[in-house]
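Written below as structure tokens is the structure these notes are about.
The values are calculated or read from the model by the stated rules, or taken from the named source; none is laboratory data. Keep in mind the model is a prediction, meaning the values are calculated, not measured. Here the Cβ is made from the backbone with ideal geometry for all residues, glycine too, and neighbour counts use every protein chain on show. We work out accessible area using only protein heavy atoms, side chains counted, and drop any ligands, DNA or RNA first. Shrake-Rupley method; radii C 1.70, N 1.55, O 1.52, S 1.80 Å.
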Amino acid sequence: MSRVNYANLNPLPRDSLELASLASSSPNHSHSSRSSSPSGISSSRKHSLSNDDPLNSATTARSNPHSRSYSVSSAFDFASNLFPLSSTAAGYSVLGAPGSGPVDLNGASLEKHKSLTYLNGLSLIVGLIIGSGIFSSPAQVNTNAGSYGASLIVWAVAGVLAWTGAASYAELGGAIPLNGGAQAYLSKIFGDWAGFLFTWSAVFVLKPGSAAIIAIVFGEYVVSAAVGADAESASAWINKGVALAGLTVITILNCISTRLATRMGDVFMFFKFMALLGITITGIVVAATGFTWKGIPNTEWKATGWFDGTSTDPSSWAVAIYAGLWAFDGWDNTNYVVGEFLHPARDLPRVIHTAMPLVIISYLLASIAYIFVLPTSVISSSNTIAVQFGSVVFGPVGSLVLALIVSGSCIGALNAATFTSGRLVYAAGKEGFLPGLLGHIGMHGSSQSHNRLQRRSWVSRTVIRLIGDEEGGIGFTPINAMLFNALLTGAYIVVGEFGTLITFYGVAGYTFYFITVLGLIVLRVREPYLERPYRTWISTPIIFCCVSLFLLSRAVFAKPGQTVVVVAFVAAGVPVYFWRVKGRGKRTKEEETDWKFWGRWGRSGG
């Protein structure tokens, strides 16, 4: 079978999503997928690719890297700077293919320089899911479930339900291989308004707010490890100062290079698994030998039945599952950077279906270890359960070691959150949802600085080779976007009000989860022939949608006042959307004639 020659290829009608899928596939991929409708026109909407048509060489000369394309209904529009095809002197090439000449950071794109591997994706999901929750406070699960056995069932059920959402996102990530996660999926399925409202909520509240919580917990555990029992009397501003210092260091390291950030993520992932494995082994040894530093082993798990006292109240089970799902949150982390994967179609499903069972098993084993060592009263009330575990088994030294372990786990989660949040802001800047400055790679003059570094001593070149990116060197990262995210996160750390934030996440977060996964079902009906490298069972998104509605209803009825605040904030994004995005989509009739490329192709085809 001969290789396809794009220079002599007659343009066939294709869907925009199909073109994106082809762009992310192997360069030797020679078969053509079918169009979504008999005429080759999208079965849902007509697509605008006049500035991004890889089969039209005339567009390459007039392409504007800062321009934005729009479709008739502003859905499925792939902006020129987001469309995953790169233009070289020899024509279009598959994203990530070797280029020629030095890298110029002005107008560069992360999607054109793929570097993420399967291991990097695994560390992003594991790094954010395993933060402080399992080490600090599984109390809500145990208290509301009512018994040891019931709490383990809740952990398993919550993990499987989160897995259904992750599997749904795996299909969307393969079909729409772009950075930005739900922002890209909602924009392409429902229109720019949906993608913008997600961006509005995620960029300004969800992402920086959750990162602030992680940073505050990190600060508390560092202070606890440093001053011991006096930590409770320490000023809250000391904790916040440590949190801000940790955020600053992590942001700087992420700005240096993608390679450095992902290597840190890989190290933290193995660190977390080793810590949970150590807790599990220690719990089993204590259960078998009865040895503890205090000399009095816990025997409650032997004396009582593991299902004695199980709650029969449905609302208590609802709260327990809600708390469990919160502990598993972060399963969508890899989707924010799918455009940077070397092999997204292959690796994204593998990452999700490896990370989720590993985390579920780790949570279950750690919970069992806690049961073996600690009495029920401590498990159900402590916010520092890992430190209590270390104190019982190893004394003050154990408390110190476990406090440092939790601190390390939190800083690893903060690293993963910073990496993906920066990419979300970057994608929003490229898409036009945020100021274009946030969609730039590096900083002004960084390409010249990189060239000067290359001419310096062998030490400088060695440093670049060790921690710099393969093609971009030092600073080939969305620095402006990550600095913007750090400023927002720092503001939340200073304010420190997280009660409303948690409700915001329960309402806004799961509303967008629900709409995004519902979009998978819509896309299957609307685009049945769209190439999907991974296809989950149809029951998977249906189950997750039901779970999301359940969580939404609980959050709304539990905190109606805070829910009104959440709805008001999201609604405030509507006029911003019309000002920022919708108003720029008006085109003249002459522009629309050239814009509707499918009409041109349809006429040429007969």
Q | Test: residue in segment 299-317 that is out of contact with any helix residue (DSSP H, G or I) (no Cβ under 7 Å at 6 or more places or on another chain), at pLDDT 90 or above and surrounded by fewer than 22 Cβ atoms within 10 Å (Cβ to Cβ) | A | no
Q | Filtered residue count, segment 318-336, keeping only those that are at pLDDT 85 or above and either open to solvent by 20 Å² or more (accessible area, probe 1.4 Å) or not in a helix (DSSP H, G or I) (or both) | A | 6
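Within segment 293-317, work out how many residues are over 16 Å from Ser377 (Cβ atoms) and not in a loop (DSSP other than H, G, I, E, B).
First, pick out the residues of segment 293-317 that are over 16 Å from Ser377 (Cβ atoms): 293, 295, 302, 305-307, 310-317.
After this cut, where a residue has to be not in a loop (DSSP other than H, G, I, E, B) as well, the list is 302, 314-317.
Here the count works out to 5.
Tell me the residue from Ile493, Ile543, Ile521 that is more than 14 Å from Ser210 (Cα to Cα), in a helix (DSSP H, G or I), touching a residue at least 60 places away in the same chain (Cβ under 8 Å) and not hydroxyl-bearing (Ser, Thr, Tyr), please. Step through it out loud before you land on a result.
Numbers: Ile493 fails: more than 14 Å from Ser210 (Cα to Cα); Ile521 fails: touching a residue at least 60 places away in the same chain (Cβ under 8 Å).
On inspection, the qualifying residue turns out to be Ile543.
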Q) How many of the residues making up segment 515-533 are open to solvent by 50 Å² or more (accessible area, probe 1.4 Å) and in contact with a helix residue (DSSP H, G or I) (Cβ under 6 Å, 6 or more places away or on another chain)? A) 2
**Q.** Residues satisfying the stated conditions in segment 363-380, i.e. touching a Ser or Thr at 6+ places or on another chain (Cβ under 8 Å) and either without any contact (Cβ under 8 Å) to a residue 24 or more places away in the chain or open to solvent by 20 Å² or more (accessible area, probe 1.4 Å) (or both)
**A.** Leu365, Ile368, Ser380
**Q.** Boolean, Pro357 is within 27 Å of Ile405 (Cα to Cα) and assigned to a loop (DSSP other than H, G, I, E, B)
**A.** no
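Filter segment 175-197 down to the residues that are open to solvent by 10 Å² or more (accessible area, probe 1.4 Å) and in a helix (DSSP H, G or I) and list them by number. Reasoning before the result, please.
Pass one, segment 175-197, residues open to solvent by 10 Å² or more (accessible area, probe 1.4 Å): 190, 193, 197.
Result: Trp193, Leu197.
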Q) List, please: which pairs have Cβ atoms under 9 Å, are six or more places apart or on different chains, and start with a residue in segment 550-566 that is of a type in the set (Gly, Ala, Ser) and end with one that is part of a helix (DSSP H, G or I) and exposed (fewer than 12 other Cβ atoms within 10 Å of the Cβ)? A) none
Q.
Looking at Val242, Val285, can you tell me which residue is at pLDDT 90 or above and surrounded by 20 or more Cβ atoms within 10 Å (Cβ to Cβ)?
A. Val242
**Q.** Boolean, Ser381 is part of a loop (DSSP other than H, G, I, E, B), on the phi < 0 side of the Ramachandran plot and more than 19 Å from the chain's Cα centre (by Cα)
**A.** yes
Q.
Return the residues of segment 419-442 that are of a type in the set (S, T, N, Q) and either touching a Leu at 6+ places or on another chain (Cβ under 8 Å) or farther than 16 Å from Ala182 by Cβ (or both); say none if nothing qualifies.
A. Thr420
